[in-house]
Each structure stands twice: as structure tokens, then as C-alpha cells.
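Have a look at the structure below, then the notes.
The values are calculated or read from the model by the stated rules, or taken from the named source; none is laboratory data. For clarity, every value in this text was computed on a predicted model and none was experimentally measured. Neighbour counts are summed over all protein chains in view; Cβ atoms, including those assigned to glycine, are modelled from backbone coordinates with ideal geometry.
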Amino acid sequence: MHIVHVLTRLARGGAEENTLATAEWQAAAGHCVTVIHGGRAECPVPRGVAAAACAPLVHPVAPRADLAALRALRRLYRDLGPDVIHTHQSKAGILGRLAADAAPGAIVIHGIHIVPFESVGTGPAALFRGAERLAARRTHGFIAVTDAAACAYVDAGIAPREKVAVVRSGMDLARFRGAAPPQDAAALSGRVPGGARRPLAVMLASFEPRKRQAALIAAIARRGAGALGGLRLVLAGDGPERAAVARLIATHGLAEHVVLAGHRDDPERLLAIADLSVLVSAREGLPRAAVQSLAAGRPVVSTALPGLAELVHDGRNGVLCGPDDMDGVVTALGRIARDRALWRRLAAGAAATDVSDWALDLLGRRTTEAYARFAPALRRAA
């Protein structure tokens, strides 16, 4: 069958990684797979997967561009003749489903990576819920990455429970177990020959507003670097907020305590030299970085997220702070840095955490099986 995935953008982020891994599995299973994306592609599509750019499809709300994107998506659907249209992310999720009238024989699926109407203002939340309810009329089924995301759509009256499947984000878990340190380990850790080893925390996250690196740096500056208990923080990733975060670090004299590592293709190697990982996102499904950290046996310190509670348990394999409690995150980092017995207990809990549901080989198979669940006619093709 011909499966068309639609993404707002093809950036280096969790939703994109998850979608491309799904597409790769589906292509290897013998399906024809096309990924439609807006804007410039920041990462390549896998071998055997076709790509189609939809230039007017942009992330910000832009009425003229959105209408142009709707027309462009309809043209692409007519040309491609998909059996399945699987949309992802907020903008592509809405426009991609509204355009599906151009492919009346296709099964339409929406992937819920982040709940768009949570952790936003009252006005945007109402707008997102209304748009989702409208698009839901043209949706045969939903695939959520967490139970919490699935429940959010059901509770909001967007979809009945029987139309929502849960498929965990898949990744190569073995890659994160026993990885070797990176070649630049000494520079990242700030360790000098003969010097004492400093505790190290790693944040694996793109630099965009909802990841809130700037808010964390502001909290460290407010509390003073001493609140970290000697811990050094490595921020790995790239994106539009990186320059602003770099200026904050320089302004507050935190260069010896916070390091920008840029985009990395070796997150497993960063975790190999880390004592723990940290996340402070305002909105997520379940961050892939949290799964990767636990697979590497590294505890997670994070602000609370609905989906994260399914995997990270406060005091057992990590520390969960309030959704906006940056001071609490700084306090937790400092406490773990000073109390090695506490770190050993949390690290043991992380290493004992069962993350097998997030295995890469389950992702594509379970996603494709979900299509058949929502459209019995596809069962033979799946």
C-alpha cells in the first residue's frame, strides 16, 4: 500500500525521528512510502522513502500560506494516490487532514506526539481544540505516543477511545547501553589532567521556546552557580534559541558551568559520560531523550509532563519537579551532585527501568497494524 506521512517540518526533533523511523520500517516491509514536509529538510529521509516538499506549509499561523498549503497538499494527494494519509504535528495535522478530501479512498490517521491544547493560554487552547474537533471529522484513527496524550484527546471530546491507539516512540535502545565516551569528553566535562571529576548533566533537546533552556539558565543565574553543587551542564542541540541562550550564559558568567555542545549525532556517547540527564520542556508527549537516558542507566531530572510519569518515577529513577519549577530543577541537580549515595540509588533505578516497549523494531510494526485496526480493509496489506 502507499503510505503518505505529512510533517510540518523535517527538523532534527523527536516527532521527526519517530516518523522517519516508522517510514523506514514500512518501506523495508514492502510498502510505498512518501514523506511530505514543509520548508527545507534539515535531515535526510531514509533509503527507500520518497520525499516531497510542500513549500507553503510553515510552522507559524499564516493564513495566506496556510490556504496555499491546503491547495498544495490536495494536489500532492491527487498525484500520489495514497492508501493511508498519516499526519503529524499541529499544523500538518490540521491542514493534512482537511486536504484529505482530495484522496477520498484514503484512510486518514493523525499521530499525537504533543497535545497542542495543553500548557498554552486559554485562547490558543480553545483554538486548538476547535481545530482538532474539525479535523477529527475526517480522521479514521489516532495514534498517540503516550497513554496521557490519548486520554487528553478522549477527555477533550475530540475522539472516542476506540479510535485512539497508543504506540510508543521507538528507538535503538542497544545503542545507549555501554556506549563509549565521545572524543571530546575532556572538553565537555571540563576535566583537566589530574583534576577531580565534576558531576555532569546532559540536556538533549532542540533549542526552541518550549524546551526552555533559557529559563533554566536564568534560574541558575538567579540562584548562583554554587547551587549546582559543582555540577557541569552540557546542552546538546541546535535551533533558533541557541544564540539567545549563549548570550545568557556569557552575560551571567556561566561558561565554566554550562557548555553548548551543538547538534550531536552521538547522544549515546554524551550519556556515557553523564551522571544524569535534565529536561525542562513546557510541552512534550514523552521525550525520547528521557527514554534514551534510562536506557543508558542515567536518572532523569525534569519538570513534570503528563506522559513522562509513565516512565520516570520521582525518587526511584529520577526527580520530577513542578511543571514550571526551574528553581526546583536547580535544587535537584545540586542535591544529586553533592549526595553520591542518592545518585547511586537513582542510577540503579534508571538501569532497572524496563524500556522495552520503546524498542525500534516495535514502532513500525505496531503503527502499521494500527492502520488495519481502524480500517479492516487494510489488514491484508498491513
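Couple of notes before you dig in:
- V115 being assigned to a loop (DSSP other than H, G, I, E, B), outside the structural domain of V202 (by TED's automatic domain parsing), in contact with a helix residue (DSSP H, G or I) (Cβ under 7 Å, 6 or more places away or on another chain) and among the aliphatic types (A, V, I, L, M): yes
- Residue match in region 34-51 (condition: polar (S, T, N, Q) and either more than 23 Å from D172 (Cα to Cα) or not assigned by TED's automatic domain parsing to the domain that holds H113 (or both)): no
- Considering residues of region 259-269 that are in a helix (DSSP H, G or I) and under 18 Å from the mean Cα position of the chain (by Cα) only, the residue farthest from L204 (Cα to Cα): E268
- Odd one out for L228, checked against (1) more than 30 Å from A15 (Cβ to Cβ); (2) surrounded by 18 or more Cβ atoms within 10 Å (Cβ to Cβ); (3) modelled with pLDDT under 95: (3)
- Count - residues of region 132-154 that are among the charged types (D, E, K, R), within 28 Å of D101 (Cβ to Cβ) and within 23 Å of the chain's Cα centre (by Cα): 1
Per-residue answers, yes or no, for (1) surrounded by 15 or more Cβ atoms within 10 Å (Cβ to Cβ); (2) in contact with a Phe, Trp or Tyr (Cβ under 9 Å, 6 or more places away or on another chain):
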{"site": "P60", "(1), (2)": "no, no"}
{"site": "A72", "(1), (2)": "yes, no"}
{"site": "A92", "(1), (2)": "yes, no"}
{"site": "K163", "(1), (2)": "yes, yes"}
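- Of all residues in region 96-114, those being within 30 Å of S281 (Cβ to Cβ), of a type in the set (V, I, T) and touching a strand residue (DSSP E or B) at 6+ places or on another chain (Cβ under 9 Å) number 3.
- Lone qualifier among R177, R168 - being surrounded by 16 or more Cβ atoms within 10 Å (Cβ to Cβ) and under 30 Å from D275 (Cα atoms): R168
- Breaking point among (1) over 20 Å from the mean Cα position of the chain (by Cα); (2) within 19 Å of K211 (Cα to Cα); (3) surrounded by fewer than 23 Cβ atoms within 10 Å (Cβ to Cβ), for A351: (2)
- Leading residue by the ranking (surrounded by the fewest Cβ atoms within 10 Å (Cβ to Cβ)) among those in region 273-329 that are among the hydrophobic types (A, V, I, L, M, F, W, C) and more than 23 Å from A219 (Cβ to Cβ): I273
- Listed conditions (1) small (G, A, S); (2) crowded, with 22+ Cβ neighbours inside 10 Å; (3) assigned to a loop (DSSP other than H, G, I, E, B) are all met by G48, apart from (2).
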